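The values are calculated or read from the model by the stated rules, or taken from the named source; none is laboratory data. This one's a predicted model, so the numbers in the text were calculated from it and none came from an experiment. Neighbour counts run over all protein chains shown; Cβ positions are idealised from the backbone, glycine included.
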Amino acid sequence: MPFEVKQWNDITEKYGDTLILGNGASVAVDNSFSYASLLERALADKLISGDVQQIFDFFNTKDFELVLRTLWQATNINNALKIEDKRTREAYLNVRDALIRAVREIHPQHDTVGPHFPAIYQFLKRFDTVISLNYDLILYWTMMYGFDVKDRHSFKDCFVNGELHDDWEELRKPIRGADAVTLVFYPHGSLVLSRDKLEQERKVHGGETRLLDAILARWESEDVVPLFVSEGTWQQKVSAIRNSYYLSTVYREVLTSEHPTLTIYGWGLGEQDVHILDRMKGSGIERVAISVYQNRQADCSHAAQVIAEKLGRDVEVEFFDSGSHGCWMHAD
């Protein structure tokens with residue numbers, strides 16, 4: 001018996017607690033996000049030297065952030081101890097420049113995706129919590145767009161003065177005349193997050209339209225490295241998460257907090273990200289709505305099986321058309 005794929009507006013009133021965004025959400029906005037991985041893009045463009053490829057192979061990873069941070073720390077230690085090590089520094093510069101070029105070539109500019117912000121904003125604001133598995137700036141740009149929308153709704157990423165606010169639940173309280181608040185989290189990090197030589201994690205600030213350039217300039221300055229986990233197995237991702245105060249806080253506290261209903265958009269529930277659902281198993285999820293592209297029944301079957309295995313067979317699962325009116329970038 002085939003799975004029924006509904007229209008979003010037919011089920012929307014049942015969902016408002018938590019939304020998870022996957023890579024398919026970004027691909028829907030701009031097809032440039034459909035790449036296999038940042039590393040594969042860099043290799044295809046011949047941006048990675050043979051020495052650096054050996055480092056990725058040694059750590060058995062495709063995660064740019066891990067390799068970049070490791071080389072950056074080694075370079076800083078060598079500098080502090082006045083150890084001459086040209087080869088390590090050259091490897092660090094190669095990885096850094098390759099990452100910058102790969103991101104610059106893949107990530108669209110603000111003006112390109114800007115027309116979608118009003119529809120995305122209207123979709124996001126109905127949720128109490130938004131959890132993005134993507135590291136790109138689409139969600140953050142949409143939040144910045146919302147600052148100028150006078151609708152008494154507030155988006156908060158839980159960073160205060162550039163640093164994570166420990167009592168993030170406190171930020172659910174409406175302020176400055178807002179009637180409702182949506183909290184936003186990045187369990188795999190984001191381009192907008194960075195860490196310095198002392199492992200202090202902060203949010204990068206820059207003008208709305210020039211934010212991407214400001215982020216890449218900060219990387220070039222060698223003052224910080226990016227904080228996001230873009231590639232790897234779920235075990236490698238969990239290991240990276242545990243090495244970050246922000247990521248581990250989201251992993252330990254946000255994912256395990258109460259989530260009566262869950263909406264999933266653009267996430268194929270692949271094995272490399274199942275740790276997200278593992279953490280949410282005890283969060284009280286009773287009902288899940290999952291977006292489906294072009295009525296693909298195989299995707300429905302896979303998603304239903306994963307939800308049953310990870311969250312329990314008593315959880316109600318229903319599917320909605322990812323292109324239907326009112327969801328994500330598709331205006332109502």
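Selection of region 97-131 for residues being crowded, with 20+ Cβ neighbours inside 10 Å and touching a Lys or Arg at 6+ places or on another chain (Cβ under 7 Å) yields only A102. For region 216-232, the set of residues classified as exposed (fewer than 15 other Cβ atoms within 10 Å of the Cβ) and polar (S, T, N, Q) consists of S221 only. Within region 152-173, being surrounded by 14 or more Cβ atoms within 10 Å (Cβ to Cβ) and touching a residue at least 12 places away in the same chain (Cβ under 8 Å) holds for H153, S154, F155, K156, D157, C158, F159, E163, L164, W168, L171, R172.
A Cβ distance below 7 Å, combined with a sequence gap of six or more or placement on separate chains, defines the contacts here; from region 127-151, residues that are on the phi < 0 side of the Ramachandran plot reach residues that are among the hydroxyl-bearing types (S, T, Y) and in a loop (DSSP other than H, G, I, E, B) in the pairs S132/Y186; Y135/S230.
Here is a yes/no grid of residues against (1) touching a residue at least 60 places away in the same chain (Cβ under 8 Å); (2) surrounded by fewer than 16 Cβ atoms within 10 Å (Cβ to Cβ); (3) closer than 22 Å to V184 by Cβ:
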| site | (1), (2), (3) |
| --- | --- |
| V5 | yes, no, no |
| G22 | yes, no, yes |
| L47 | no, no, no |
| E65 | yes, no, yes |
| L68 | yes, no, no |
| D85 | no, yes, no |
| V95 | no, no, no |
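Residue-wise test of (1) assigned by TED's automatic domain parsing to the domain that holds L19; (2) assigned to a strand (DSSP E or B).
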position: A178; (1), (2): yes, no
position: V184; (1), (2): yes, yes
position: P187; (1), (2): yes, no
position: G207; (1), (2): no, no
position: A214; (1), (2): no, no
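Out of everything in region 1-30 that is of a type in the set (S, T, N, Q) and over 17 Å from the mean Cα position of the chain (by Cα), what residue ends up being nearest to G326 (Cα to Cα)?
Quick first cut of region 1-30, residues of a type in the set (S, T, N, Q) only: 7, 9, 12, 18, 23, 26.
If we keep only those that are over 17 Å from the mean Cα position of the chain (by Cα) as well, we get 7, 9, 12.
Details: Q7: 9, N9: 6, T12: 9 Å.
Step by step, filter region 1-30, then rank; the result is N9.
Can you tell me which residue in region 291-314 is nearest to M1 (Cα to Cα), limited to those that are buried (at least 16 other Cβ atoms within 10 Å of the Cβ) and in contact with a strand residue (DSSP E or B) (Cβ under 8 Å, 6 or more places away or on another chain)? Filtering first and then ranking leaves C300.
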